[in-house]
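Structure first, commentary second.
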Amino acid sequence: MSEGQVSLRIEAGVASVLFDRPQARNAMTWAMYEQLMAICRQLKDESSVRVVTFRGAGGEAFVAGTDIEQFRGFDGAQGVAYERQIDVCMELLGTLPMPTVAVVEGWCVGGGLAIATGCDFRLATPASKFGVPIAKTLGNCLSAANLARLTAAWSQQRVKRMLLLAEFIGAEEALACGYLHELAAPPELDAAVQRLTTMLAGGAPVTQQVSKEGLRRLLVHELPQDEDLIRRTYGSADFREGVTAFVEKRKPVWKGQ
């Protein structure tokens with residue numbers, strides 16, 4: 001399995017983060033998550049950076065989730081540790097003091113949807129798709145913090161469609177519900193990114209910082225305990241079946257156990 005990489009480039013006050021594993025639609029490996037967290041820690045102290053963009057390589061996907069082969073042999077305790085690690089990663093992203101922009105081309109799935117949702121703004125191409133199809137594929141679950149972020153951005157009913165029906169939501173609906181800031185055809189996407197980053201870079205930094213942090217605190221205030229739910233899911237026979245079926249490229253047989 002190619003480990004892939006997450007790279008950072010800073011130019012003229014704009015930091016560009018690239019998820020670079022196009023042969024796997026930029027599905028995240030453990031190493032890529034570690035690199036993303038290291039980049040977020042670095043950017044937190046980069047006072048010259050006024051805005052950060054996140055983008056997937058290859059033009060087919062932003063991030064197509066976490067690489068599922070890594071879940072082989074997982075149990076409930078490892079599931080809890082994994083979800084906590086994702087929460088730490090999303091907190092590092094969410095506490096960046098400068099505005100953040102996700103640039104979505106194609107699939108934005110699972111962990112990729114969490115990353116895009118953790119950004120302040122999202123631009124996408126018309127063919128982009130958003131979802132968390134784990135009820136059909138893997139049989140795992142999301143943390144309460146992740147659910148809170150998705151619900152705040154999408155509405156609870158759309159999140160139910162993603163999680164319970166494993167439905168993908170298209171770019172037009174994502175724009176209509178406010179999840180996306182703008183749609184742009186691929187040839188116009190770079191110009192749209194430039195317009196948005198220029199506007200954000202021209203804002204009052206302190207106002208942007210305290211507004212972001214105030215909104216973040218409202219979102220995470222009094223999150224419920226969720227370890228029992230995560231442990232039950234990742235420790236289930238259904239989860240093991242989901243991982244095995246995905247790796248073997250067959251449809252999983254759920255037993256509710």
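Taking first residues from the stretch 151-171 that are touching a residue at least 40 places away in the same chain (Cβ under 8 Å) and partners that are loosely packed, with under 14 Cβ neighbours inside 10 Å, the Cβ contacts under 6 Å between residues at least 6 apart in sequence or on separate chains come to Ala171/Pro126.
Among the numbered conditions (1) in contact with an Asp or Glu (Cβ under 8 Å, 6 or more places away or on another chain); (2) farther than 30 Å from Gln257 by Cα; (3) of a type in the set (Val, Ile, Thr), the only one that Val14 does not meet is (1). Do we find a residue being surrounded by fewer than 15 Cβ atoms within 10 Å (Cβ to Cβ), more than 21 Å from Leu113 (Cα to Cα), at pLDDT below 95 and of a type outside the set (S, T, N, Q) anywhere in the stretch 222-232? Yes; the residues of the stretch 222-232 include at least one that is surrounded by fewer than 15 Cβ atoms within 10 Å (Cβ to Cβ), more than 21 Å from Leu113 (Cα to Cα), at pLDDT below 95 and of a type outside the set (S, T, N, Q).
Looking across the stretch 66-125, just one residue is of a type in the set (Lys, Arg) and either within 14 Å of the chain's Cα centre (by Cα) or under 14 Å from Ala27 (Cα atoms) (or both), and that is Arg122.
Take Ala191 and tell me if it is surrounded by fewer than 17 Cβ atoms within 10 Å (Cβ to Cβ) and in contact with a Pro (Cβ under 8 Å, 6 or more places away or on another chain). When the stated conditions are applied, Ala191 does not pass them. Within the stretch 230-257, being touching a helix residue (DSSP H, G or I) at 6+ places or on another chain (Cβ under 8 Å), of a type in the set (A, V, I, L, M) and either outside any loop (DSSP other than H, G, I, E, B) or within 30 Å of Ser47 (Cβ to Cβ) (or both) holds for Ile230, Val243, Val247. Restricting to the stretch 22-47, name every residue that is loosely packed, with under 15 Cβ neighbours inside 10 Å, modelled with pLDDT of 95 or more and either over 17 Å from Ser2 (Cα atoms) or touching a Cys at 6+ places or on another chain (Cβ under 8 Å) (or both). Residues satisfying the conditions are Ala38, Arg41, Gln42, Lys44.
You will find that of Pro186, Pro205, the residue that is at pLDDT 95 or above, surrounded by fewer than 13 Cβ atoms within 10 Å (Cβ to Cβ) and of a type outside the set (Lys, Arg) is Pro186 and no other.
Output the residues belonging to the stretch 107-126 that are closer than 19 Å to Arg161 by Cα, touching a residue at least 40 places away in the same chain (Cβ under 8 Å) and among the small types (Gly, Ala, Ser). Across the stretch 107-126, the qualifying residues are Gly110, Gly111, Gly112, Ala116. For first residues located in the stretch 51-73 and closer than 19 Å to Leu92 by Cα, partners that are surrounded by fewer than 15 Cβ atoms within 10 Å (Cβ to Cβ) and of a type in the set (Phe, Trp, Tyr) and lie 6+ apart or on another chain with Cβ distances below 9 Å form the pairs Thr66/Trp30. Among the candidates Arg84, Arg72, the residue that is at pLDDT below 95, surrounded by fewer than 21 Cβ atoms within 10 Å (Cβ to Cβ) and in contact with a helix residue (DSSP H, G or I) (Cβ under 9 Å, 6 or more places away or on another chain) is uniquely Arg72. Just to be sure, is Pro252 in contact with an Asp or Glu (Cβ under 9 Å, 6 or more places away or on another chain) and not polar (S, T, N, Q)? Yes: the conditions hold for Pro252.
Scanning the stretch 231-257 for residues that are within 24 Å of Leu150 (Cβ to Cβ), out of contact with any Cys (no Cβ under 6 Å at 6 or more places or on another chain) and not small (Gly, Ala, Ser) yields a total of 9.
The values are calculated or read from the model by the stated rules, or taken from the named source; none is laboratory data. Everything numeric in this text was worked out from a predicted model, so none of it was measured. As a convention, Cβ positions derive from the backbone with ideal geometry for all residues, glycine included, and neighbour counts pool all protein chains shown.
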